[in-house]
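Participant: Sharing a structure with you now.
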Amino acid sequence: MEFQWLNTFVTAAVCGNFRRTAELLYISQPSVTVHIKQLENELGVQLFHREGRKVKLTEAGIRYLGHAKRLLEVYQRGLEDLSSFSQGYTAKLTLAISPLIADTILPYVLKRYTDQHPEVEISVKILESVDIEQAVLSEEVDIGLSCLNSLHQELLCELLYRDQVVLIAPHDGRDSEFAPPIDEEEVLTNNYLLTHNHPGYWDLLCRVVKSKYPSIRMMKVSQVHITKRFIVEGLGVSFLPTSTVRRELLEGRLLEVNCHSISLPEANTYAIMKYDHTKQKEFLTFISNYRI
C-alpha cells in the first residue's frame, strides 16, 4: 500500500469529487481514479459509490476513513521527526500562547532560550486563553502560557508572573517633566473606556468603574494590540497590564494615568501542563527568570 493512495482517498472523501481532488493534489483525474482503484484492490472492498460527477463513501469507505487519516498522521509525524533530527534537534516543545502574553517581551525570551538550547525545536500556537486549557488537555501542546488559571484535575497549573494593571491614555503632547499630572476623572469621563482585552479582570473592573463614574462610555475591544492602536489614535483609554505597554510608555506614545479612587487588579500569567517532564520544567525555570 502506498501513502499516496491514502492521501488521494482522504482528499476525495472530503471533496466528494474526483476532479476537485485532482486539482487539490496537482495530479490528473485519471491518476485519482487509479489510486482509488489500487487502494480498493488492496483492501478488497469498494470505497466509493459513483454518482455522475460526484462520489460518496460506501459503508466500508466510511469505516476505513478514520484509519486512513490516522495512518497519514503517523506517516507525517515520522517525516517531521526525521526532518527535525536532520536539522540537529533532539527535543521538541510545542507551546500555546495567548495573544496578550505574546505581546510582551516573550519573543525576546524565546530567542534567548533557543540561542541557549539549539537542540530544542520550538513550535508556537497562538490561542485565546479560554482555549489553551483544552489544547494542553488534548496534548496538542506541551505547555500553555495563559492569562487564566486552570483548576482541571488532570492538569498542572503554575503561576509564573503577577503584572500590575495600569490606566493608559494617549500622549497629550505636553512635556511630562513640567506638565501637571493627568486627572483620572477627566480621562475616564471624556473618553471611551476600551474593555475586555484581557480575559481575567474586566467584568469586575467594569462594575467598579461604573459605580464610580456612572456616565462612563465603554467599548469592547478584544485584542490588546488593537486596543493600543486605538488609544494612540485617540479613540479611548484602557486598563492594561504593565508588561503589554512597557515599550509604548518608554517611547512616549502612551501615558500612564495615576488612579487614586479605583483599586486596580493584577493580571497573572499561568503555565499549564499535563506532564511535568524534564524539558517542560527546564523551559519554565528559564522563562521565570525574566519579567514578562
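The values are calculated or read from the model by the stated rules, or taken from the named source; none is laboratory data. In this text, all values refer to a predicted model and were calculated from it rather than measured experimentally. Virtual Cβ from ideal backbone geometry, glycine too; neighbours counted across all protein chains shown. Just so you know, the surface numbers come from the protein's heavy atoms only, side chains and all, with ligands and any DNA or RNA stripped out. Shrake-Rupley method; radii C 1.70, N 1.55, O 1.52, S 1.80 Å.
Participant: Select, from Val224, Val257, the only residue that is farther than 23 Å from Gln134 by Cα and surrounded by 13 or more Cβ atoms within 10 Å (Cβ to Cβ). Spell out the reasoning first.
Facilitator: Numbers: Val224 fails: farther than 23 Å from Gln134 by Cα.
Step by step, each of Val224, Val257 is checked, and only Val257 is farther than 23 Å from Gln134 by Cα and surrounded by 13 or more Cβ atoms within 10 Å (Cβ to Cβ).
Participant: Would you confirm whether any residue within segment 59-68 is closer than 30 Å to Ile122 by Cβ and among the acidic types (Asp, Glu)?
Facilitator: Of segment 59-68, the ones closer than 30 Å to Ile122 by Cβ are none.
No, segment 59-68 contains no residue that is closer than 30 Å to Ile122 by Cβ and among the acidic types (Asp, Glu).
Participant: Let me ask you something else. Please go through segment 194-208 and give me each residue that is open to solvent by 10 Å² or more (accessible area, probe 1.4 Å), closer than 18 Å to Ser243 by Cα and aliphatic (A, V, I, L, M), ordered by number.
Facilitator: none
Participant: In segment 236-253, which residue that is open to solvent by 40 Å² or more (accessible area, probe 1.4 Å) and hydrophobic (A, V, I, L, M, F, W, C) is farthest from Val208 (Cα to Cα)?
Facilitator: Leu250
Participant: I need the full set of residues from segment 32-50 which are closer than 16 Å to Leu6 by Cβ and touching a residue at least 12 places away in the same chain (Cβ under 8 Å), in order please.
Facilitator: Val32, Thr33, His35, Ile36, Gln38, Leu39, Glu42, Leu43, Val45, Leu47, Phe48
Participant: Another one. So is Val45 hydrophobic (A, V, I, L, M, F, W, C) and open to solvent by less than 50 Å² (accessible area, probe 1.4 Å) or not? Give the derivation first.
Facilitator: Values: hydrophobic (A, V, I, L, M, F, W, C): yes; open to solvent by less than 50 Å² (accessible area, probe 1.4 Å): no.
No: the conditions fail for Val45.
Participant: Follow-up question, since we're still on this one. Just to be sure, is Phe286 under 30 Å from Leu151 (Cβ atoms) and within 24 Å of the chain's Cα centre (by Cα)? Before the answer, list the steps.
Facilitator: Values: under 30 Å from Leu151 (Cβ atoms): yes; within 24 Å of the chain's Cα centre (by Cα): yes.
Yes, satisfied.
Participant: Oh, and also: Just to confirm my filter: which helices (runs of 4 or more DSSP H) fall fully inside segment 51-152 and include at least 3 residues that are in contact (Cβ under 8 Å) with a residue 24 or more places away in the chain, open to solvent by less than 80 Å² (accessible area, probe 1.4 Å) and more than 30 Å from Val165 (Cα to Cα)?
Facilitator: Numbers: elements: 59-86, 99-102, 106-116, 129-137.
Correct list: 59-86.
Participant: For Asp203, which of the numbered conditions (1) under 29 Å from Phe286 (Cβ atoms); (2) out of contact with any Asp or Glu (no Cβ under 8 Å at 6 or more places or on another chain); (3) outside any loop (DSSP other than H, G, I, E, B) fails to hold?
Facilitator: (1)
Participant: Now a separate question. Where the second residue is open to solvent by less than 40 Å² (accessible area, probe 1.4 Å) and small (Gly, Ala, Ser) and the first is under 19 Å from Ser263 (Cα atoms) and lies in segment 221-245, which pairs have Cβ atoms under 6 Å and are six or more apart or on separate chains?
Facilitator: Final answer for the pair search is Val237/Ala169; Pro241/Ala267.
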